[in-house]
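Notes to accompany the following structure.
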Amino acid sequence: MNNYETVFILTPVLSDAQMKEAVEKIKETLHAQKAEIVNEENWGLRKLAYPIKKKSTGFYQLIEFNATPNVIDVLETQFRRDERVIRFLTFRQDKFAAEYAAKRRSLKSSAKDVKSEAKTKENNPKEKND
């Protein structure tokens, strides 16, 4: 199995529910092909570098997964059939990219832990010693 990363852009006219439905459809395609999803990130609404289909913004989504090479053909066919997807890019990660992605995920999770710790301390009143 190889490590893959796919980034796709959804049309900006979708509601949140429609956007989540489109992402779920892509994830279901991966699960049906027995791919293991490692990481998923929603990058949100961003400005495009150039207009695509008369749209200047789009919802960016990243999915990292482990799969066999034949899964990519099925996934890209699904991207082409879905009208909500305006661009996509899938590539195989080499060992250095996979290590970098794992490090980035661990840093992101540790940053979330620090933020949640800070919120917990903020919400708990400090006891005064008399």
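The values are calculated or read from the model by the stated rules, or taken from the named source; none is laboratory data. Since we're looking at a predicted model, the values are computed, not measured. These area figures cover heavy atoms from the full protein model, side chains too; ligands, DNA and RNA do not enter into them. Shrake-Rupley method; radii C 1.70, N 1.55, O 1.52, S 1.80 Å.
Here are a few things to note about the model shown:
- When a 1.4 Å probe is rolled over the protein heavy atoms, the share of accessible surface on the chain that falls to carbon and sulfur comes to 51 percent.
- Residue-wise HN-Hα couplings along region 24-41, as the Karplus relation 6.51 cos²θ - 1.76 cosθ + 1.60 with θ = phi - 60° gives them from phi, are 4, 5, 5, 5, 5, 4, 5, 5, 5, 8, 6, 8, 9, 7, 8, 8, 9, 9 Hz; Gly and Pro carry x.
- Each residue of region 80-88 was assigned a 3J(HN,Hα) from its phi angle through the Karplus curve 6.51 cos²θ - 1.76 cosθ + 1.60 (θ = phi - 60°); the sequence is 5, 6, 7, 5, 6, 8, 9, 8, 8 Hz, with glycine and proline shown as x.
- Calculated mean residue ellipticity, 222 nm, the chain: -15500 deg cm²/dmol, from DSSP H runs (n ≥ 4) at -39500 (n - 2.57) each, averaged per residue and rounded to 500.
- Table column - 3J(HN,Hα) (Hz), region 96-105, Karplus curve with 6.51, -1.76, 1.60, x for Gly and Pro: 6, 5, 5, 5, 4, 4, 5, 5, 5, 5
- Placed amide H near ILE86: partners under 5 Å, 5+ positions off or other chain: ILE9, LEU10, THR11
- Which label in (1) 70, 31, 23; (2) 39, 29, 22; (3) 69, 37, 27 gives the computed Cα extents along the principal axes in Å: (3)
- Summed over the residues of the chain and divided among them, the accessible surface reaches 71 Å² per residue at a probe radius of 1.4 Å.
- Among GLU21, GLU64, GLU76, the largest mean-square fluctuation in a Gaussian network model of the chain (Cα springs under 10 Å) belongs to GLU21.
- Distant-in-sequence amide contacts of GLN93, defined by a placed amide H-H separation under 5 Å and a gap of 5 or more residues or a different chain, comprise ASN3, TYR4, GLU5.
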